[in-house]
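Please find one structure pasted underneath; my questions will follow.
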Amino acid sequence: MSGDDLTPEQREIVAAVRDFVDRDVVPVASDLEHADEYPEALVETMREMGLFGTTIPEEYGGLGLGLDTYALIVMELSRGWVTLSGILNGSFIAATMIRLHGTDAQRDRFLPLLAAGDLRSSFSMTEPHAGSDVQSIRTVAVRDGDEYVLTGQKMWVTNGWRSGIVMLLAKTDPTAVPAHTGMTGFIVEKEPRTSLPGLEIPMPGLPKLGYKGVESTELVFDGFRVPASSVLGGEDGVGQGFKYFMSGIEVGRVNVAARGVGVAQAALDDAVRYAREREAFGKPIAHHQAVQLMLAKMATRAEAARLLTVQAARAKASGARADLEAGMAKYFATEAAQDNSLDCMRIHGGYGYSLEYRPERYYRDAPLLLIGEGSNEIQQLIIARRLLERAGG
């Protein structure tokens, strides 16, 4: 990836993360992934580097950096192992939502802990029957004095077992029309690595094709009580949950796009390396035009994905509406990851199908990116609608 468009500070940060990835992540990622083992040591290093506080303001103990810098960090982490960026993402989205929509008390309480990496978060919106159709969620929160009582089932909650807080979307007015006006966000506190009365977290988590090393869980609420102060934004936040969670999803799309860039770049790097080493018909396969054509497409996809993602991150960081840019970046970068992973496997031939080489891991990790933070079919609809809106019709 080119560094010509980066600030000196960004170059320094990217170089530090790149060194960490090359030194500590790449040598162990496949073994950890195959064992489905949580990367405790790598996460601790990320915490010590301050990565959990990348975008949290300095007054709360964070680094106070922009979304574009965060995207660059995610690209590097994902180049080593996409799971690491997923572990980071839960805390990033929570910090963003609390910073933008939380009360002063919520900011003072949670942001320093998130910045230090002492508190991990998960983001919980999806339900067994409600993915892209967010307004059809059934989890309800009923006011009872100074508390809310939560009942419902959430699915595919990354970090759901290890997190200390859950950013949860529920219906406080199930009869509201339109439905989104009756939704409220909650900062649900819980003990990590345990189920609680009224909150069951079935473990081990949901089995997955890829994206291993971090749990994806169910959260089953059955009369779980939380204080009324846990409403994101306080009393003014009641009924605002849909809007708040969509803002979280929008920055999350930049994160997923950056993950796609990282996987696309990793696949390209491995393909170039292998093509220069592997010989066929008396010369390295990199000298055969068929392979060169594949490498050219892979490199173009990776660079275009990077540029789109940085552009989306900068647009969002400026405070402008960026759903078009984020949608384009998420759509293109994740498709690039999928396509590059397959081409990398093809260039490796039989070795690309072997567990001893990395292409098979990229090939299993990439499909999740097509789905996460809104499927790519949804992204295309968002892109088209925004284009038509800008055109005045």
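Pairs Lys190/Lys243; Lys171/Lys208; Lys171/Lys212: which exceed 26 Å Cα-Cα?
Lys171/Lys208; Lys171/Lys212
Just to be sure I follow the definition: excluding the sites themselves, where is the longest run in the chain that has none of the trypsin sites (Lys or Arg not before Pro) in a DSSP loop with at most 12 other Cβ atoms within 10 Å?
Between exposed loop sites, the widest span is 1-192.
Expressed as a whole number of Å, what is the distance separating the alpha-carbon centroids of the stretch 18-67 and the stretch 235-314?
19
With an 8 Å Cα cut-off and a minimum separation of 6 or more residues, compute the relative contact order for the stretch 281-349 in percent.
Value for the stretch 281-349: 35 percent.
Considering only the other residues whose Cβ falls under 12 Å of the Cβ of Ala326, what net charge follows from Lys and Arg at +1 and Asp and Glu at -1?
That works out to +2.
What is the dipole size for the chain, taken about its Cα centre, with +1 at each Lys and Arg Cβ and -1 at each Asp and Glu Cβ, in debye to the nearest 20?
About 940 debye.
Taking the Cβ of Val21 as the centre, find all other residues whose Cβ is under 10 Å away and add up their charges (Lys, Arg: +1; Asp, Glu: -1).
In short, -1.
Here's a follow-up. Measure off, as a whole percent, the carbon and sulfur share of the 1.4 Å-probe accessible area of the chain, all protein chains present.
Summing carbon and sulfur atoms, their accessible area is 53 percent of the total for the chain.
So if a site counts as exposed when it's one of the GluC sites (Glu not before Pro), its DSSP state isn't H, G, I, E or B, and it has at most 15 other Cβ atoms within 10 Å, what's the longest stretch of the chain without one?
38-355
Given a 1.4 Å probe, how much area per residue of the chain is accessible, in Å²?
With the other protein chains kept in place, the chain gives 42 Å² per residue.
Find out how many positive minus negative residues lie around Ala384, taking Lys and Arg as positive, Asp and Glu as negative, among other residues whose Cβ is under 13 Å from that of Ala384.
0
Using a Cα-Cα cut-off of under 18 Å, which aspartates and glutamates could be cross-linked to Lys316, ignoring same-chain neighbours fewer than 8 residues away?
Asp5, Asp68, Glu250, Glu325, Glu373
The values are calculated or read from the model by the stated rules, or taken from the named source; none is laboratory data. None of these values were measured; they are calculated from a predicted model. No Cβ is skipped: glycine too gets one built from the backbone with ideal geometry, and neighbour counts run over all protein chains shown. For the accessible areas, the whole protein counts, side chains as well, though only heavy atoms, and no ligand, DNA or RNA atoms are used. Shrake-Rupley method; radii C 1.70, N 1.55, O 1.52, S 1.80 Å.
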